[in-house]
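Structure first, commentary second.
Please treat every number below as a calculation from the coordinates, not as lab data. As the structure is a computational prediction, the values presented were derived from the model and not from experiment. Note that we place each Cβ from the backbone using ideal geometry, even for glycine, and neighbour counts take in every protein chain shown.
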């Protein structure tokens, strides 16, 4: 039987810890060892401490989807692709994102008493906010956007709203998700695009 590489073992353990965090369960070295059928000593060998394992799991959660979204937002910023932005918004509101949104909210609460978690949370948040800010600034430079609002403030809102929706409406149907995503995409464009007319509303 082929030997499992250290990196593979670590990613498997992080994924197990991540599942427990997302489910609201306690993460312990013993629980992870039992789930994976390995010795607690092996988990401790790779991470050194329970807290290091938890930190790695939090990082995995908070950076989930960030890289792909960052690439997409950058591409849309370069091509003035409103359809692409709308597609991204729908993807952000997809069902599989709920665990990420809710866990971000939980992390924000726990970060008030955990400096390392706060650092990880800010790192993930900064990446996402910077991506949206870049899109707004590039659209402004292209003359597509003429909003008097601060780009960074808008970027923060663009990131925060999906998390808030996941908190206040955690059991949306697929149809409701489509409606909410479409409404948010239109609100984003209405703020950023001076030529945009909301469907059904007469132009001025």
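Between the Cα long axis of helix 151-168 and the first principal axis of the chain there is an angle of about 60°, rounded to the nearest 10. Label positions at residue 130 and residue 74, each projected 7 Å from the Cα along the C-beta direction, are separated by 1.0 nm. Given the choices [x] 16.9; [y] 12.7; [z] 14.4, mean projected area of the Cα convex hull in nm² derived from the coordinates of this structure is entry [z]. Counting only helical runs of four or more DSSP H residues, what would the 222 nm mean residue ellipticity of the chain come to if each run contributes -39,500 (n - 2.57) and the total is spread over all its residues? The helix contribution divided over the chain gives -24000 deg cm²/dmol.
With R₀ set to 30 Å, the beta-carbon distance separating residue 42 from residue 63 gives a calculated FRET efficiency near 0.75.
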